[in-house]
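The values are calculated or read from the model by the stated rules, or taken from the named source; none is laboratory data. Since the structure is predicted, the reported quantities are computational estimates derived from the model, not experimental observations. Please note: Cβ atoms are built from the backbone with ideal geometry, for glycine as well, and neighbour counts cover all protein chains shown. Note: accessible area is taken over every heavy atom of the protein model, side chains too, but ligands, DNA and RNA are not part of it. Shrake-Rupley method; radii C 1.70, N 1.55, O 1.52, S 1.80 Å.
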Amino acid sequence: MSHYHAVVWIDHQKATAWHFTPTEQSNSVVHAREQHQRVHSRKSAHGGHKSPADHGFFDEVAHALEGAHEILVMGPAQTKQEFAAYLKEKHPQLGRAIVGVESADHPTDAEVLAYARRHFTAIDRMFSPSA
């Protein structure tokens, strides 16, 4: 099932993508091929730990978002920005659909959906012809 709006919560290990309306939703869960052990595998240029993005994982998450016209990307740390940049480069139609990238540590599924519904309601009001 695909709807106009979608939200994805993503970190380096897992992503959950929802397609939703105000009253219904469907979701897909995608797990990274390489798990948490790789996260601290090499030093980044700034001296902290950084692991390269898992492009296979990002492609699977992109597939889960197919059909969405507006996408909100949520998650902790840098993975959400890396994923948004990856979509813009490798999946430009989905990249153009991104309407926001928000920080969120580890909310429940219900919290993610509630936040996304409020977010898209506000966006829809801003751009409605009667506004």
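Is it the case, given these coordinates, that H106 is at pLDDT below 95 and surrounded by 15 or more Cβ atoms within 10 Å (Cβ to Cβ)?
Judged against the criteria, H106 is not a match.
Just to verify a result, which residue in region 18-49, among those that are of a type in the set (D, E, K, R) and exposed (fewer than 12 other Cβ atoms within 10 Å of the Cβ), is modelled with the highest pLDDT?
Filtering first and then ranking leaves E24.
Filter region 122-131 for residues that are open to solvent by 60 Å² or more (accessible area, probe 1.4 Å) and not acidic (D, E); which is modelled with the highest pLDDT?
Ranking the qualifying residues of region 122-131, first place goes to R125.
Scan region 50-64 and give yes if some residue there is closer than 18 Å to Y115 by Cβ and at pLDDT 95 or above, otherwise no.
So far as region 50-64 goes, no, none of its residues is closer than 18 Å to Y115 by Cβ and at pLDDT 95 or above.
Out of (1) open to solvent by 40 Å² or more (accessible area, probe 1.4 Å); (2) in contact with a helix residue (DSSP H, G or I) (Cβ under 8 Å, 6 or more places away or on another chain), what's the single condition that is false for Q78?
Only one criterion is unmet by Q78, namely (2).
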